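These notes are about the structure you will find just below.
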Amino acid sequence: MKNKFPTASSCVSARSIFTMTVVLLAVVTFSFPTFRRFAATPKASAAVMATVATISGRVVDVRGRGIGRAMMSISDMTGHSMGAVTNPFGYYRLANITVGSAYVIRVSGKHFIYSQGTRAIEVMDDVSDIDFVSDN
């Protein structure tokens, strides 16, 4: 009876098939790197830059303690003004200030005198150190 299965000499050995498969997989897997598409990030331009800023600071007495309920006001050169009140620790924050303009900041309050209670500044970016000290 004739053998139904091929002999070792007439076919490729299992070891060589395994070797060719591994080599083929290695070539397919590692030879062609995958590329991912990323969305382009827009670069900042002058039109995208911030047009408003925030001014903040603190109002303190001569001992360095915060003065609460001090009235802060800011005015631009056209007369437009806005205000804020300091918190119990003397901190204030004036938001939505248009950049590129000159402003006058004033502080006032009951029971305190400020000889340097008015300052002129030009706002180009956020400012966080506009502090006022009372005289008494």
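Things worth noting here:
- Potential extension, R119-D61 segment - 0.36 nm per residue separation minus Cα distance: 19.1 nm
- Multiplying the residue separation of N136 and A102 by 0.36 nm and subtracting their alpha-carbon distance yields 9.3 nm.
- The modelled label-to-label distance between N87 and D126, using points 7 Å beyond Cα along the C-beta direction, is 1.5 nm.
Values quoted throughout were computed directly from the atomic coordinates according to the rules given, and no laboratory measurement underlies them. Note that this is a predicted model, so its numbers are computed, not measured. Cβ sites come from the backbone with ideal geometry, for glycine too, and all protein chains shown count toward neighbours.
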